[in-house]
Amino acid sequence: MAYMSPDAPIAVLDSGLAGLTLVRALRAGLPHEQIIYLGDTARAHYGGKSAELVTTFVREAVSYLMVHQPKHIVIGCNTASALALPAIRASFPGMSISGVVEPAARAAIDAAGAKAVPLIGILATEATIWSKAYEKAIHRRRHHARLLLRPAPLLVPLVEEGRELTDAVLKLALQQYLHPIASRGADVLILGCTHLSLLKPLITRFVGRNTILIDSAERCAEDVARRLQATGLLRSARDSHDLDDLSTGGDELRCFVTDEPPRYRTLARRFLGDDPGAPTRVTLDELQAACRDARPPLRASA
Ligand code: DGL
């Protein structure tokens, strides 16, 4: 891998804007990092799409982000991590790339503690559940864990519509999705979709305080911090001041989107907990061109 500096940015990609919940967690834990975010808002959401299509989209997004020479790329979407991460790592062998599924699965096992046969619930998109990525990640570590898998496709549009936690439709949908988990008293519940971070208080109310919630975005941010620490690429307060002194520093967050929907600002602010600033629009042609350029040229057959 080429030499990397701690000053290089962390790149986060997502199917839309909910990956900004991960950026929020990264900013809280790693306040000196530069972050670039790419939301594929033109093609959101990925939760009902095939693994093949999602992998193509993620490969294009990663190719585009590579142009910014990040020190690490995070697939900040459970669906994209579940469906595409192994193929994407194989496509970019020199690049450090992580996802949200493994850190959340690891945290769920830790939270289950010494219990011989823990009951772990997973609430996620249909594509994430069908991929079995969480099942595999958990059973690799705890063969005997029992899983309650709940695809919850309605929650993404309800969150995006801006429904409040007091909203009757949102409550009804959550109650139905969570019923088997709440009635069987799961030990742990993985929020396996970044949209769900915004629903935590309501989810806690439905499942009860004895069920430990694992927020995939928060656990992923901790995992990124560990990876950067291990490779000596964490950016310190001193690094960021040095850069400011040279006047080469800029905003610590830059957002790129493939479409700027009318509700961009409102939604992004909800997920990020802060004003995201004006995004830079990237066309799908630009993503696809970056992907073509990233590929080694095909050899003409002899
Ligand atoms: N936030 C995405 C996830 O973490 C769900 C949205 C989508 O379907 O792309 O799975």
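Only the coordinates and a few stated rules stand behind these numbers; no lab work does. These figures come from a predicted structure and were not determined experimentally. With ideal geometry, Cβ positions are generated from the backbone for all residues, glycine too; neighbour counts draw on all protein chains shown.
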* Asked: Plugging the Kirkwood radius over Cα pairs into Stokes-Einstein for region 11-129, at a temperature of 37 °C and a viscosity of 0.692 mPa s, what D comes out in µm²/s?
  -> 218 µm²/s
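How large is the convex hull of the Cα atoms of the chain per residue, expressed in Å³ as a whole number? Please report the intermediate quantities before stating the final value.
Working: hull volume 44.0 nm³, N = 302.
Dividing the Cα hull volume of the chain by its residue count gives 146 Å³.
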* Asked: If you take the C-alpha gyration tensor of region 54-198, multiply each eigenvalue by 5 and take the square root, what semi-axes do you get, largest first, in whole Å?
  -> 28, 21, 11
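Could you state the per residue volume, in Å³, of the convex hull enclosing the Cα atoms of region 204-243? Could you put the intermediate results ahead of the total?
Values: hull volume 4.2 nm³, N = 40.
In region 204-243, the Cα hull volume divided by residue count equals 105 Å³.
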* Shape parameters for region 138-297, alpha-carbon atoms, Rg then Dmax in Å -> 20.4, 58
* Output ³J(HN,Hα) for region 153-165: one whole-Hz value per residue in order, computed from phi by the Karplus curve 6.51 cos²θ - 1.76 cosθ + 1.60 with θ = phi - 60°, and x for Gly and Pro. => x, 6, 5, 4, x, 5, 5, 5, 6, x, 4, 6, 5
* Asked: Which whole-Hz ³J(HN,Hα) couplings does region 50-67 yield from phi under the Karplus relation 6.51 cos²θ - 1.76 cosθ + 1.60, θ = phi - 60°, glycine and proline marked x?
  -> 7, 4, 5, 5, 4, 5, 4, 4, 5, 4, 5, 5, 5, 4, 5, 5, 4, 4
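Anything over 27 Å Cα to Cα? Flag those among Lys71/Lys200; Lys136/Lys200; Lys132/Lys200; Lys49/Lys136; Lys49/Lys71, in the order listed.
Numbers: Lys71/Lys200 31 Å; Lys136/Lys200 25 Å; Lys132/Lys200 23 Å; Lys49/Lys136 20 Å; Lys49/Lys71 29 Å.
Violating the 27 Å Cα-Cα cut-off are Lys71/Lys200; Lys49/Lys71.
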* Counting helices only, and only those DSSP H runs with n ≥ 4, report the 222 nm mean residue ellipticity of the chain as the sum of -39,500 (n - 2.57) divided by its residues, in deg cm²/dmol to the nearest 500. => -14000 deg cm²/dmol
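Rounded, prolate or oblate, given the Cα gyration tensor of region 71-110, with a/c below 1.5 counting as rounded? Each step should come with its number before you reach the end.
Numbers: a/c = 2.25, a/b = 1.73, b/c = 1.30.
Taking the square roots of the gyration eigenvalues as a ≥ b ≥ c, region 71-110 is prolate.
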* Spherically averaged projected area of region 1-42 from its Cα convex hull (nm²) -> 3.6 nm²
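What Kirkwood radius, in Å to one decimal, follows from the Cα pairs of region 176-220?
On the way: mean 1/r = 0.0946 Å⁻¹.
Answer for region 176-220: a Kirkwood hydrodynamic radius of 10.6 Å.
Can you list the equivalent-ellipsoid semi-axes of region 114-204, largest first and in whole Å, using the square root of 5 times each Cα gyration tensor eigenvalue?
Numbers: eigenvalues 121, 41, 19 Å².
Ellipsoid semi-axes (Å, largest first): 25, 14, 10.
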* Output the peptides 54-66, 187-199, 73-85, 262-274 sorted from most to least packed, where packing is the average of other Cβ atoms within 10 Å over each peptide's residues. => 73-85, 187-199, 54-66, 262-274
* Most to least packed among 6-13, 33-40 [average Cβ atoms within 10 Å] -> 33-40, 6-13
